[in-house]
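Please treat every number below as a calculation from the coordinates, not as lab data. Here the structure is a predicted model, which is why all the values come from computation and not from measurement. All Cβ positions, glycine included, derive from the backbone under ideal geometry; neighbour counts span all protein chains shown.
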């Protein structure tokens with residue numbers, strides 16, 4: 001039973017979106033840790049455990065798909081849906097555009113996955129209306145930070161680059177996985193740097209690795225390193 005609370009009225013709550021593969025929630029420990037950190041910051045006296053998540057999946061016989069956990073003061077909701085990312089999308093790649101508004105790198109909410117998510121949704125809707133797949137935020141200094149629902153990586157001569165967390169971005173679970181297992185330079189990247197790179201890709205826990213073929217007016221024709229990262233992740237998942 002849903003109860004009206006500050007999560008409904010003001011977006012005071014947090015959520016996680018988790019890939020379910022072969023009945024198992026991928027990166028479950030990392031997702032739950034991030035969720036509980038956000039709840040503590042928002043002063044919501046709740047803790048979610050991995051066992052609760054596994055029990056929900058088992059009882060409801062969820063084998064494949066996407067699990068969303070939304071938590072506010074009076075509500076803890078589990079919902080599931082199909083994974084929207086199909087093979088043809090990976091073959092084609094994504095086209096990105098710069099959002100019309102900026103990410104506030106000084107806001108503490110930028111670094112938590114809260115229910116106050118309207119800005120991200122609106123940015124992505126604007127991108128789709130302009131025939132793009134994803135919107136990319138700049139921060140108030142004009143530095144690249146993140147997509148509306150993704151983190152971004154660039155490749156130059158085999159070296160990976162990604163915006164520093166301090167630029168104003170959610171430290172994505174899969175972003176952290178790549179940074180922990182690959183040689184990644186975390187740095188400031190401006191929109192003027194975009195054309196200097198050989199490849200570009202975006203990540204999130206559901207998407208995995210998606211090559212970017214266009215960012216604004218810059219086209220990327222190579223995806224060699226991107227595919228290598230994607231294949232490593234597929235091997236990690238056992239697919």
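Taking all C-alpha pairs of region 80-239, those more than 18 Å from each other amount to 56 percent. Here the chain carries DSSP beta bridges of which approximately 75% are antiparallel, counting only pairs with both residues inside.
The length gained on full extension between residue 29 and residue 54, counted as 0.36 nm times the residue separation minus their Cα-Cα distance, comes to 7.9 nm.
What relative contact order, as a whole-number percentage, does the chain give when Cα pairs under 8 Å and 6 or more residues apart are counted?
Details: 441 pairs, mean separation 42.2, N = 239.
18 percent.
Note on the chain: with a GNM built from Cα contacts shorter than 10 Å, the maximum mean-square fluctuation among 116, 139, 75 falls on 75. In this label model, residue 227 and residue 40 are separated by 4.3 nm, measuring between points 7 Å along each Cα→Cβ vector.
Taking only alpha carbon atoms, region 106-183 gives an Rg to Rh ratio of 0.98, where Rh is the Kirkwood radius. Kindly identify region 14-148 as rounded, prolate or oblate by the Cα gyration tensor criterion: order the square roots of the eigenvalues as a ≥ b ≥ c, call it rounded if a/c is under 1.5, otherwise compare a/b with b/c, prolate if a/b is larger, else oblate. The shape class here is oblate. Per-residue ellipticity at 222 nm computed for the chain from its helices equals -8500 deg cm²/dmol, with DSSP H segments shorter than 4 residues left out and the rest contributing -39,500 (n - 2.57). For region 75-122, the Kirkwood hydrodynamic radius comes to 14.4 Å, computed from all pairs of different C-alpha atoms.
Counting only Cα atoms, region 159-209 measures 29, 23, 19 Å along its principal axes, largest extent leading.
Panel note: the C-alpha atoms of region 1-88, placed on their principal axes, show extents of 38, 25, 23 Å (largest first). Inter-part distance, region 102-122 to region 148-215, computed on C-alpha centroids, equals 18 Å. When the Cα convex hull of region 147-239 is projected onto planes of every orientation, the mean area is 5.7 nm². Here 210, 29 are placed in order of increasing Cβ neighbour count within 10 Å, fewest first, which gives 29, 210.
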